[in-house]
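Asks: Structure below; questions to follow.
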């Protein structure tokens, strides 16, 4: 009497399950890439005001707008959002005034 039975996985369609999972992962990756591309476009879109552009930049980079106008990232944010330094400084001032209230 055998204590074990040979397991036959061909009836379970394991190869189909793996292929389906791979396809689902590829679809999810394509969707994430499309969402990121839309966000990158939104961060520099002339149709969005500076507040939206900077907030989008912050979300994409997982960083906050620096509080000091001289911070190195201020120039980077201005460049990547297609804003002037003055526009970024105005957003810094706007946020500082909200905190002060």
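Asks: Out of the residues in the range 62-79 meeting the condition of being in contact (Cβ under 8 Å) with a residue 12 or more places away in the chain and touching a helix residue (DSSP H, G or I) at 6+ places or on another chain (Cβ under 6 Å), tell me which one is nearest to residue 45 (Cα to Cα).
Replies: 77
Asks: Now a separate question. For the range 1-81, please list each of the helices (runs of 4 or more DSSP H) lying entirely inside it that holds at least 2 residues being modelled with pLDDT of 95 or more and surrounded by 14 or more Cβ atoms within 10 Å (Cβ to Cβ).
Replies: 50-61, 72-81
The values are calculated or read from the model by the stated rules, or taken from the named source; none is laboratory data. Just so you know, these numbers come straight off a predicted model, no measurement behind them. Don't worry about glycine lacking a Cβ; one is built from the backbone with ideal geometry, like all the others, and counts go over all protein chains shown.
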